[in-house]
Amino acid sequence: MLMKNLSRRNRTILYVITVILIMSMVISALVSFSPVASTAQGSQPGPLIRSTATAAR
């Protein structure tokens, strides 16, 4: 329905943008659920937040 009104060039551009968007969502999901990234995120921000809070006082 909607795709019939688009020209071939616009349809190709829309397809490329859709594929890039889906790939970026998949990559960000893989990075956020990887155990290395989650353990690094879980251990590093704690001491950094506490040290800056104590240094500010």
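The values are calculated or read from the model by the stated rules, or taken from the named source; none is laboratory data. None of these values were measured; they are calculated from a predicted model. Glycine gets a Cβ as well: all are built from the backbone with ideal geometry, and neighbour counts include every protein chain shown. Side chains included, ligands, DNA and RNA excluded: accessible areas come from the protein's heavy atoms. Shrake-Rupley method; radii C 1.70, N 1.55, O 1.52, S 1.80 Å.
Taking residue 37, is it open to solvent by less than 70 Å² (accessible area, probe 1.4 Å), modelled with pLDDT of 85 or more and of a type in the set (Gly, Ala, Ser)? Here the answer is no, as residue 37 does not meet what is asked.
Residues that are in a loop (DSSP other than H, G, I, E, B) and either open to solvent by less than 100 Å² (accessible area, probe 1.4 Å) or modelled with pLDDT of 90 or more (or both) within region 1-15 comprise 6, 7, listed in sequence order.
The condition of being among the polar types (S, T, N, Q), surrounded by 10 or more Cβ atoms within 10 Å (Cβ to Cβ) and at pLDDT 95 or above holds for only one of 28, 51, 32, 24, that being 24.
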